[in-house]
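Peer 1: Here you go, one structure.
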Amino acid sequence: MTINITPDHHSERLTHPKYRADIDGLRAIAVLSVVSFHAFPNGLKGGFIGVDIFFIISGFLISTIIFSNLERGSFSFIEFYSRRIKRIFPALLLVLIACFVFGWFVLLADEYKQLGKHIAGGAGFVSNFMFWKESGYFDNAADTKPLLHLWSLGIEEQFYIVWPLLLWFAWQQRLNLLTITITVLIFSFALNISKVYSDTVAAFYLPQTRFWELLAGSVLAYLTMYKQNMFPSFKQKLDEWLSLIICAQAPEKNGNTLRNVQSLLGAILIAFGVVVITKERHFPGWWAVFPTVGAVLIISAGTGAWLNRAVLSNRLLVWFGLISFPLYLWHWPLLSFARIIESEKPSQGIRIAVVLISIVLAWLTYKLIEKPIRFGNHSTTKTITLFVLMVAVGSVGYSSYKGDGFIFRKIAKKSLDFTYETENLGYLKCQNEPLLSGISFCLMSPNGKINAALIGDSHARDKFYGIAKADKDRNWMLIGNHSCPPVYGINVETIVKDCQPKFENIIDWLSKSNDIKIVGLSFFGNVFLTTSYAADHIKMKVGPDTVKLHTKNSNRLSRSELFFNGLNETVNILEKSGKQVVLMIDVPELPFFPRDCYRNPYKKCQLPRSEVELRQAEQRALINKLKQQHPLLMIFDPINLICQKDFCSFQNEDRVIYRDSHHLSLRGSDLYAAYFLNWLNSVPTVKLVAPNSE
């Protein structure tokens, strides 16, 4: 038998399965579950399994088409992919273009650059690989990625590319297609189970760990077409047994009881998944079996089952099923852009409005875009046009990515200060130093012999670039580790678990250095508090409320006492080694994201100075106590750089000081350096450590 891989002039060469309203009803359940989860995550916590139901439906319908046309000898690759293009491209193109246009006016340069990359990935159907490399589906940054939901479309399209080719080859070799399907399914499921505990993000996004769900639909398609009469006596006995248990009077022996139980059991499994499965589970893994088996049972029950006939074939559910694809495409970008503009989780009213708008847009897309393009004449012209448009949209997205988010846009120009590129600033990486083992950063000024050091966490790093560039009297080095304050003798557990050995190694090394005369300590000052305040800390759930402080004898000490002891020991060691120690009080935290102030002119972007002082009260009390024990310790207070009279801001005049809610921008680092060095050079004792005065 030959397989036709060339198109003819008729649009109905491929046979298609008979339309089933109940499958559209199941699509509606799937899409409404996903939309509910995204809009109201605290309500339907497992609603994301709707995507898994989509996978089963897609695998079932696509495989039915392939199996039946292979058998007839009429399978055409060109027509198969032409139909996929006309089915998927119109709505997807519309959503990609809409995101690009809307993002032009509201996204900053780095955000628009990322959107451009995601548009290119969406147009090329590789979004799942892209998001796998970036982060997880449930990460805190996920809700500000308008095209995150295209990961599932990527997996489906990859399946559409690989599966027809594999089946065609197996058919040509006269292999058993059911055996091939089950073998690949088992292999994919085994990969899913083995990967879900070692790398959950990979298991979620990679096609090889998700194909088993589509293949479950493929197995069902094969059994429905060729094995309907498999185990007839067993089915009859089971139907009779179920009838005796459920029915008061013996019904007609027509298999309806078995079909009804099958469908109902499938619905129970899906409902169980929606209620019990949460984003905290290792998903997909074994948990994905519930929606997978549930969907298989419902579809296999057929149109005769009561649930399928009376509930899933309901006109309202069928209508939602018909618009399910454009509804899936529209709802997430609208929710994501609402989140970006609001700079926080949108109110319930806004989310309800977004869902309603998504439904209207989905219906209009289906009615005015999908149906006219999908059906009717000029099939070849439509296919070629859609393909060219998709290439063009992907290319424009890629151009935005390579063009750094088109910084010539008005909103991008205003936000350039948020760009934080430090790789080409000219600082040297430390070489062959014992202290380099396992630490995040060690940089040196290229201007000569190092005689000053700035140590700490990322709050030291953001000060270093300005200070090292502006200081004409000293040559600075930066040593530190992200999320690790420069304390000695206690362990501060943040997202980094082993801060103590890192900084004990750094401080010991500094104490033995004869060249370094001055050591600055800069760090997140409120690390010992028990509440989070900075917007980034709250969003990413990495604030001081997640930090642990401990030492061998820490049972009776408070967090502030522990932190004081560690900081005190650091100053002790450095001063005993002859260093002048300068402690920098931290810049204020911001309870908002500065970049959102450019997007939303109505957002409150100033803080009362009294609120800042209240938040820093314990930090300042601890530093004052430290000063009492170390009279030679120098304290630098930057609050007047951030706060003017009664209010504090993220900018100084028109210059942005912060790049996020607690780190300085590069321009902010320059302003900080000028303020700091003017203060430092006014102290007579510190002038003595300058290289020219030795």
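The values are calculated or read from the model by the stated rules, or taken from the named source; none is laboratory data. What you see is a predicted model; the values in this text were computed from it and never measured. For neighbour counting, all protein chains shown are included, and Cβ atoms are generated from backbone atoms with ideal geometry for every residue, glycine included.
Peer 1: Of all residues being outside any helix (DSSP H, G or I) and over 29 Å from the mean Cα position of the chain (by Cα) in region 338-384, which is modelled with the highest pLDDT? Just the residue, please.
Peer 2: So the residue we want is 375.
Peer 1: Something else: Confirm whether residue 37 is under 17 Å from the mean Cα position of the chain (by Cα) and either over 18 Å from residue 295 (Cβ atoms) or part of a helix (DSSP H, G or I) (or both).
Peer 2: Considered against the rule, which asks whether it is under 17 Å from the mean Cα position of the chain (by Cα) and either over 18 Å from residue 295 (Cβ atoms) or part of a helix (DSSP H, G or I) (or both), residue 37 comes out as yes.
Peer 1: Would you point out which residue out of 368, 297, 312, 334 is more than 24 Å from residue 56 (Cα to Cα) and in contact (Cβ under 8 Å) with a residue 24 or more places away in the chain? Don't jump to the end; show me each part of the working.
Peer 2: Details: 368 fails: in contact (Cβ under 8 Å) with a residue 24 or more places away in the chain; 297 fails: more than 24 Å from residue 56 (Cα to Cα); 312 fails: more than 24 Å from residue 56 (Cα to Cα).
Of 368, 297, 312, 334, the one residue that is more than 24 Å from residue 56 (Cα to Cα) and in contact (Cβ under 8 Å) with a residue 24 or more places away in the chain is 334.
Peer 1: Something else now. Yes or no: region 509-523 includes at least one residue that is modelled with pLDDT of 95 or more, under 22 Å from residue 448 (Cβ atoms), crowded, with 16+ Cβ neighbours inside 10 Å and within 37 Å of the chain's Cα centre (by Cα).
Peer 2: Yes, there is a match, as at least one residue in region 509-523 is modelled with pLDDT of 95 or more, under 22 Å from residue 448 (Cβ atoms), crowded, with 16+ Cβ neighbours inside 10 Å and within 37 Å of the chain's Cα centre (by Cα).
Peer 1: Quick test for you: out of 317, 335, pick the one residue that is modelled with pLDDT of 95 or more, in contact with a His (Cβ under 6 Å, 6 or more places away or on another chain) and not charged (D, E, K, R).
Peer 2: 335
Peer 1: Being in contact with a helix residue (DSSP H, G or I) (Cβ under 6 Å, 6 or more places away or on another chain), more than 30 Å from residue 343 (Cβ to Cβ) and of a type in the set (A, V, I, L, M, F, W, C) is the filter here, so list the residues in region 144-176 that pass it.
Peer 2: Scanning region 144-176 gives 155, 159, 167, 170, 171.
Peer 1: Which one is farthest from residue 490 (Cα to Cα) among residues in region 509-532 that are out of contact with any strand residue (DSSP E or B) (no Cβ under 7 Å at 6 or more places or on another chain) and assigned to a helix (DSSP H, G or I)? Let's see the steps before the verdict.
Peer 2: Looking only at region 509-532, we keep the residues that are out of contact with any strand residue (DSSP E or B) (no Cβ under 7 Å at 6 or more places or on another chain), and these are 509, 511-515, 524-526, 529-532.
Add one more test, that the residue is assigned to a helix (DSSP H, G or I), and what stays is 509, 511-512.
Details: 509: 18, 511: 18, 512: 21 Å.
Filtering region 509-532 for residues that are out of contact with any strand residue (DSSP E or B) (no Cβ under 7 Å at 6 or more places or on another chain) and assigned to a helix (DSSP H, G or I), the one farthest from residue 490 (Cα to Cα) comes out as 512.
Peer 1: So how many residues does region 607-634 have that are part of a strand (DSSP E or B) and exposed (fewer than 15 other Cβ atoms within 10 Å of the Cβ)?
Peer 2: So the answer is 1.
Peer 1: Right, something else. Go through region 74-156 and tell me which helices (runs of 4 or more DSSP H), entirely inside it, have 1 or more residues that are touching a Gly at 6+ places or on another chain (Cβ under 7 Å) and of a type in the set (Ser, Thr, Tyr).
Peer 2: 109-123, 127-134
Peer 1: Going by the conditions given, is residue 191 assigned to a helix (DSSP H, G or I), at pLDDT 95 or above, assigned by TED's automatic domain parsing to the domain that holds residue 69 and more than 26 Å from residue 80 (Cα to Cα)?
Peer 2: On the way: assigned to a helix (DSSP H, G or I): yes; at pLDDT 95 or above: yes; assigned by TED's automatic domain parsing to the domain that holds residue 69: yes; more than 26 Å from residue 80 (Cα to Cα): yes.
The answer is yes for residue 191.
Peer 1: Closer than 22 Å to residue 145 by Cβ and among the basic types (Lys, Arg): is that true of residue 339 in this structure?
Peer 2: When the stated conditions are applied, residue 339 passes them.
Peer 1: Same structure again: Keeping to region 477-489, report how many residues are buried (at least 24 other Cβ atoms within 10 Å of the Cβ) and more than 13 Å from residue 441 (Cα to Cα).
Peer 2: Total meeting the criteria: 3.
Okay, residues lined up against (1) touching a strand residue (DSSP E or B) at 6+ places or on another chain (Cβ under 7 Å); (2) outside any loop (DSSP other than H, G, I, E, B); (3) free of Cβ contacts under 8 Å to residues at least 24 places away in the same chain; (4) more than 23 Å from residue 635 (Cα to Cα):
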| position | (1), (2), (3), (4) |
| --- | --- |
| 424 | no, no, yes, yes |
| 450 | yes, no, no, no |
| 453 | yes, yes, no, no |
| 460 | yes, yes, no, no |
| 468 | yes, yes, no, no |
| 485 | yes, no, no, no |
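Listed here are the residues, each with its yes/no results for (1) farther than 21 Å from residue 338 by Cβ; (2) hydrophobic (A, V, I, L, M, F, W, C).
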{"position": "35", "(1), (2)": "no, yes"}
{"position": "42", "(1), (2)": "no, no"}
{"position": "46", "(1), (2)": "yes, no"}
{"position": "60", "(1), (2)": "yes, yes"}
{"position": "65", "(1), (2)": "yes, yes"}
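Peer 1: What about residue 119, is it in the same structural domain as residue 39 (by TED's automatic domain parsing), modelled with pLDDT of 95 or more and in contact with a Pro (Cβ under 6 Å, 6 or more places away or on another chain)?
Peer 2: no
Peer 1: Just checking, does region 298-305 include any residue being over 26 Å from residue 64 (Cβ atoms), of a type outside the set (Ser, Thr, Tyr) and out of contact with any Pro (no Cβ under 7 Å at 6 or more places or on another chain)?
Peer 2: no
Peer 1: Residues 398, 420: which one is out of contact with any strand residue (DSSP E or B) (no Cβ under 6 Å at 6 or more places or on another chain), aromatic (Phe, Trp, Tyr) and part of a helix (DSSP H, G or I)?
Peer 2: 398
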